[in-house]
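Some notes on the structure that comes next.
Just so it is clear, none of the values below were taken in a lab; they were calculated from the coordinates. Just so you know, these numbers come straight off a predicted model, no measurement behind them. Cβ: placed from backbone, ideal geometry, glycine included. Neighbour counts: every protein chain shown.
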Amino acid sequence: MQSKQTEEEQTVERFIGISKGTRSRNDISRSKISAREDKFHLLVSDIPDVLWKIDSNNYIIYISDNVEAITGYTAEEECAMGPYLNWIDRVHPDDVKEYVAANNALFEKDKTFNIEYRLRRKDGEWVWIHDRAVVTYDEGGKKYASGVLSDITERKQAELHIKELKEKYEALIKNIPDVIYSSLPDEKNTSIFISDRYQDWTGYSPQYCYKNPDTWLQSLHPEDRECAAKAYIEACKKKREFICEYRVVHKNAGQMRWIRDHGVPIKDEEGNIIRYDGILTDITEYNQLKEDLEFYIRETTIAQEQERKRISRELHDETAQLIANLYNRINVILMNERLTKSTVERLEQLRSEVDVILEGVRRFSHNLRPGLLDQFGLIPSLALLSEEVIDQGISDCSLNITGHEQRLLPEKEIILFRITQEALRNAVKHSKATKVVIDIAFYNGSVRLKVTDNGQGFEVPGILSSFARDGKLGLMGMQERVHLFNGKLSIRSGKGQGTVIIADLPL
């Protein structure tokens, strides 16, 4: 008979049996846990952020393997470094103070750790880190910190670049002599941005402009408000650029400035204007110089015409008269003296030459300043011009009059006469035209001169001032003369298409 097992032996056997069964189940659990750990490590390795855990002594308990991509050190190297002092040794000197304060607050006050700082990599390069952590406790109450850090170098570089651009942009806006603005496409030209220099010009600060939509109109000279407002509204309706010149007045000093306003429409995908971006340029000095130049040109032109008139009169009254007297004396000699045939022939030749000279002086005097213009006005003088040009190669030249004919100021009559004279001269010498039509029309408040020829034409530049550079000083002179009296000159032409010159003058 077998001896019975003691109670102790039975207990041990049961424990062993249980242990064997438990070990088998634990093996299955460990297998599942291992699989889960593998998935966890794989997930942690794939994400760009680094997970970490440190104890209250700042020893690294855990840090994910992808830390190497950020710091250049492997996870094993990071853990082997010891407490955070080895980490903090790599923090940028300018960021150390903030880092230490945040770290102390984390463990001493359980305050969330959330800062951005620079860290020196293994290769010596600096990277920007965004580090976040919270305090955690184990079952025994031991304190830890669990966190995640991210590489934000690209974002920081972009932010620094944007900041640098912003500083440059602000410095540019502050230092340039013009005013930069953005405004809404409404009837009041409401400002949503305007640079500080506007306050120097008007006394209205940018903040005041933003709060008071009427500021733009308030700052304008009373005589310019309606015109400028209409021009802006019209630009908004037609969705085009806004270009206008007006005066602004400083609300306190009363100083007036001439401004050139150029706004460009900014549109959405559907083509609707969302705002105008523009620039205000102080053209006060330019306008003053322009006025001085126009005054100089006007006075020079008047003086030139007066000098032409004086010379023409002297040629007609004195020089031509002396030559006529010489012509008559030759005639007297031919009639009253008994002369040889050869002498008579020489005197007749001399008389013919004197006659040619006399005709030339009279024609020159007429071209300088036709007496007909002063005595009878513009229309008879244009009629005479149209007759004279027939003898210079033009086979057909007509004059048409529309409206109620009236005398103009002498200065304006001479301008229209000179333009016609120059146009006819160009038709004969350059265009090789055979037909010219002169139209003059009188309207309520204005007069229009139109000279049309069928010549070979020419390419008209985009800016009429280019005529001076191209050597077409006659055409440039037309423009200057018309501008003297706030008129408008337009020239239409093309190769083989003839030429049309139109001058509009206020009465």
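Expressed as an acute angle from 0 to 90° and rounded to the nearest 10, what is the orientation of the C-alpha long axis of helix 410-429 relative to the principal long axis of the chain?
For 410-429 against the chain, the angle is about 90 degrees.
Shape call for segment 376-506 from the C-alpha gyration tensor, a ≥ b ≥ c root eigenvalues: rounded (a/c under 1.5), prolate (a/b greater than b/c) or oblate?
oblate
How big is segment 316-415 along each principal axis, measuring the range of its Cα positions in Å and listing the largest first?
Principal-axis extents of segment 316-415 (Cα, largest first): 63, 31, 17 Å.
Grab every C-alpha pair in segment 89-180, bin the distances at 5 angstrom width from 0 up to the longest one, and report whole percents.
Result, from short to long distances: 3, 12, 15, 16, 14, 11, 9, 7, 5, 3, 2, 1, 1, 0, 0 percent.
What are the radius of gyration and Dmax of segment 176-282, computed over its Cα atoms and given in Å?
In order Rg, Dmax, the Cα atoms of segment 176-282 give 13.0, 45 Å.
Over the Cα atoms, compute the radius of gyration (one decimal) and Dmax (the largest Cα-Cα distance, rounded to a whole number) for segment 167-213, in Å.
10.9, 33
Find, among the GluC sites (Glu not before Pro) in segment 241-319, those assigned to loop by DSSP (not H, G, I, E, B) with at most 15 other beta-carbon atoms within 10 angstrom.
Glu241, Glu269, Glu270
Are there any GluC sites (Glu not before Pro) in segment 45-148 that are in a DSSP loop and have at most 16 other Cβ atoms within 10 Å? List them by number.
Glu125, Glu139
Aspartates and glutamates within cross-link reach of Lys429: Cα-Cα under 18 Å, excluding same-chain residues under 8 positions apart?
Of all the aspartates and glutamates, those that pass the test against Lys429 - Cα under 18 Å, at least 8 places apart if same chain - are Glu387, Glu388, Asp391, Asp396, Asp453, Glu459, Asp470.
Taking the chain, how much of its Cα-Cα pair set, in percent, is spaced more than 37 angstrom apart?
66 percent
Taking only Cα atoms, what is the 0 to 90° angle, nearest 10, from helix 7-46's long axis to the longest principal axis of the chain?
Tilt of helix 7-46: around 10 degrees.
Using a 10 angstrom Cβ neighbour count of at most 11 plus a DSSP loop assignment to flag exposed trypsin sites (Lys or Arg not before Pro), which longest range of the chain is free of such sites?
Longest stretch, sites excluded: 143-337.
On a 0 to 90° scale, report how tilted helix 473-483 is relative to the longest principal axis of the chain, with both axes built from alpha carbons and the result rounded to the nearest 10.
Rounded to the nearest ten degrees, it is 80.
Sticking with the crude label model, points 7 Å out along Cα→Cβ, report the distance from Leu289 to Ile61 in nm, one decimal please.
If labels sit at Leu289 and Ile61, their model points lie 7.7 nm apart.
Fewest to most neighbouring Cβ within 10 Å: what's the order for Met478, Met81?
Arranged by neighbour count, lowest to highest, Met478, Met81 become Met81, Met478.
Compute the length gained on full extension between Arg346 and Glu318: take 0.36 nm times their separation in residues and subtract their Cα-Cα distance, giving the result in nm to one decimal. Walk me through the intermediate numbers first.
Numbers: separation 28, 0.36 × 28 = 10.08 nm, distance 2.62 nm.
Working it through step by step, the gained length comes to 7.5 nm.
Under a cut-off of 27 Å between alpha-carbon atoms, report the lysines in cross-link reach of Lys237, not counting same-chain residues fewer than 8 places apart.
Those lysines meeting the cut-off are Lys188, Lys211, Lys267, Lys488.
Out of all DSSP beta bridges with both ends in the chain, state the antiparallel percent to the nearest 5.
90 percent
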